[in-house]
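Inspection log for the structure reproduced underneath, given as C-alpha cells.
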Amino acid sequence: MTNHFDILIKQAKLRGQTKLFDIGIKGGKITKIEENIKEDSEITIDAKANLVTESFVNPHLHLCKVYTREMMDDETLTGYHAADMGKSMTTIELAALVKEKYDEAWIIKNVRKALAQAAIYGNLHIRAFADVDSKAKLEGMKALIKAREEFKDIVNVQVCAFAQDGLAREAGASELMRQSMQMGADVVGGIPWIEFTDADIQSHITEIFDLAVEFKKDVSMLVDDAGDAGLRSLEAMAIETIKRNWHGRALAHHARAMELYPQPYFQKVAALLKKADMAVVTDPHTGPLHARVKELLAEGVNVTLGQDDISDAYYPFGRNNMLEVAFLASHMLWMTTAREIETLYDMITKKPARAMNIKNHAVKIDAPANLVVLNAPNVIEALREHAAPEYVISHGKLIDKTKMEKIIST
C-alpha cells in the first residue's frame, strides 16, 4: 500500500489558533491541514501540542567571513562597537585585511559548518554575502556558489555579490562584480555610504542597479552604517528603486544612522521606503546604533531581522539561530509585549521571506513544506529558550541532524 503522506505532523499548535491540527506533507508540499487526519504516512511526527510554523529566514549573513574571528585582533570589534560608531569606516578597512588570505579551500569548510548549523536551527533561507574586491577577488563567490549547490535540498542560499570595499574607491571591483553576476550570483550587493563623495555614492548606487536590471536580479545594499546623521545613501537607494521601477526588489541593510535622524527627515525616508516597497534589515545585536524599528513598522515599512555575522571581525558570536537573534533584538529594541514578540517572530519568518521574494512561505495548503516543529507551545516560550527545533522539514523531507552535526564537527 502506498503511503498517503510522506510526513504527517500530529497535534500541532498553529499561530493564532486555539485548536490543534494535523499537517499532511506530500511531494515537498503541504497537502492537508485538518484537526484529525486519519490517512497513513511514511513518517509520523507527534508535535505534542507544540508550535509548528514556517521555517526561519535570514536575509543578511556575511557567509564568506564566518569563523574568521580568530584571524583578527580586538581593534576591529572596538571600532565598530564604540558607542557613536564613529570609527565604522576604520573597522571596515581593518577587517578587510583578512581577505588577503582568502582561499576557496578554507572558506568552503567554514561555510559548510555555518549552513549545517542553519539546518539544525531551522534557518532554511539565507541571503549570503560574498565580498568581491581586489583582495577577496572571487574566492568567496566560488565557495558560496559551490555551497549553494551542495545544500540546495537543505538550505536555500541566495548568493549576493557584494562590493564591500566600494566601487569608485576600489580599482577593479566593477569588473569583478560583473564577473560575479556572470558566474551566477542571485543578488547584486553594494555599500554606497563608504564612498568618499556624494557623487561617488550616487555612482555606486547607479552601477549596482545597472547590473541588477541587466541581469534581472534583486538588490541588497548596506546603507548608512555609522553614527552620522548626515548620511543619505538610504534615501538615494529608495529614490533609485522608484526610478528603476524595481519596487519590491531592493533591500536595505543596517541604516543605523537613522537613529540620529531629525523626525521630519525620518518621516520623509519612511514615505520613500513605502513608495519603493523597500524593506529594511536590522541587526541590532551587532552594533550600538540601529534602525528605528518600531517607528518603521508603525509607518507600514517591512522590517526584518538578520544574523549579519558569525564569529568574524564585526561580531564574536552567532550560530545561524534566528530565534536567538529575535531574543537579542527583543532586549535591544525593548520589544517585550506579547504583540511585539509575535512581530519579532514575523521578522524572522514571514517578513524576511517577503523581502527576499520567497513565495508561499507559510503554513497553508500547497505551500512548500519548509517547517519547524518547536519544543515550545507558543512564540514567547520559543524566544525564551531559543532552542533548536525538535524537527526541521526542508522541501518536504526531515533534516538529517546527525549528518549536519558531523559537518559541524569536521
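Here, each number is a calculation from the coordinates, and none is a lab measurement. Predicted model only: the values in this text are computed from it and were never measured. Note: ideal-geometry Cβ built from the backbone for every residue, glycine included; neighbour counts use all protein chains shown.
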Antiparallel versus total DSSP beta bridges in the stretch 85-214: what percent is that, nearest 5? 10
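Sort 210-223, 180-193 by the packing proxy (mean of other Cβ within 10 Å over each peptide's residues), most packed first.
Numbers: 210-223: 20.5, 180-193: 22.9.
Highest-to-lowest ranking by the protection proxy: 180-193, 210-223.
What number, in percent, do you get for the relative contact order of the chain if the mean sequence gap of Cα pairs under 8 Å and at least 6 apart is divided by its residue count?
21
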Interchain or long-range residues, amide H under 5 Å from residue 165's placed H: 132
Taking the Cα centre of the chain as the origin and placing charges on Cβ (Lys, Arg +1; Asp, Glu -1), which of 276, 391, 227 is farthest toward the positive end of the dipole? 391
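Work out how much length residue 153 to residue 4 would gain on full extension: take 0.36 nm times their residue separation and subtract the Cα-Cα distance, in nm to one decimal.
Details: separation 149, 0.36 × 149 = 53.64 nm, distance 2.23 nm.
Fully extending the segment from residue 153 to residue 4 adds 51.4 nm.
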Above-threshold pairs, the threshold being 20 Å between Cα atoms, out of 32/364; 26/359; 99/403: 99/403
Alpha-carbon centroids, the stretch 333-410 and the stretch 104-153: separation in whole Å: 20
Between residue 294 and residue 402, what is the label-point separation in nm under the 7 Å Cα-to-beta-carbon projection? 4.9
With a cut-off of at most 14 other beta carbons within 10 Å, and DSSP calling the residue loop, which chymotrypsin sites (Phe, Trp or Tyr not before Pro) in the stretch 242-330 qualify? Please list them. 317
Charge tally for neighbours of residue 201 with beta carbon under 9 Å away, counting Lys, Arg as +1 and Asp, Glu as -1, is -2
Could you identify which residue out of 235, 35, 207 has the top mean-square fluctuation in a GNM of the chain using Cα springs shorter than 10 Å? 35
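In the stretch 31-63, what trypsin sites (Lys or Arg not before Pro) fall in a loop by DSSP, with at most 15 other Cβ atoms inside 10 Å? Mind showing how you got there, number by number?
Working: sites: 32, 38, 48; in loops: 38, 48.
Of the trypsin sites (Lys or Arg not before Pro), the ones in loops of the stretch 31-63 whose Cβ has at most 15 other Cβ atoms within 10 Å are 38, 48.
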How large is the dipole of the chain about the Cα centre if only Lys and Arg carry +1 and Asp and Glu carry -1, each at its Cβ, rounded to the nearest 20 debye? 1180
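Can you compute the equivalent ellipsoid semi-axes for the chain, i.e. the square root of 5 times each eigenvalue of the Cα gyration tensor, sorted largest first and rounded to whole Å?
Numbers: eigenvalues 248, 110, 78 Å².
Ellipsoid semi-axes (Å, largest first): 35, 23, 20.
By how many nm would the segment from residue 34 to residue 70 lengthen if fully extended, with 0.36 nm per residue of separation less the alpha-carbon distance? Write down the numbers at each step before the final one.
Details: separation 36, 0.36 × 36 = 12.96 nm, distance 5.03 nm.
Extra length available between residue 34 and residue 70 comes to 7.9 nm.
State the extension gain, in nm to one decimal, for the chain segment bounded by residue 19 and residue 134, taking 0.36 nm per residue of separation less the distance between their alpha-carbons.
Working: separation 115, 0.36 × 115 = 41.40 nm, distance 5.70 nm.
Full extension from residue 19 to residue 134 adds 35.7 nm.
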Pick out, from 301, 290, 36, the residue whose Cα sits farthest towards the positive end of the charge dipole of the chain, with +1 on the Cβ of Lys and Arg and -1 on the Cβ of Asp and Glu. 36
Output the antiparallel fraction of DSSP beta bridges having both residues in the stretch 56-355, as a percent to the nearest 5. 5
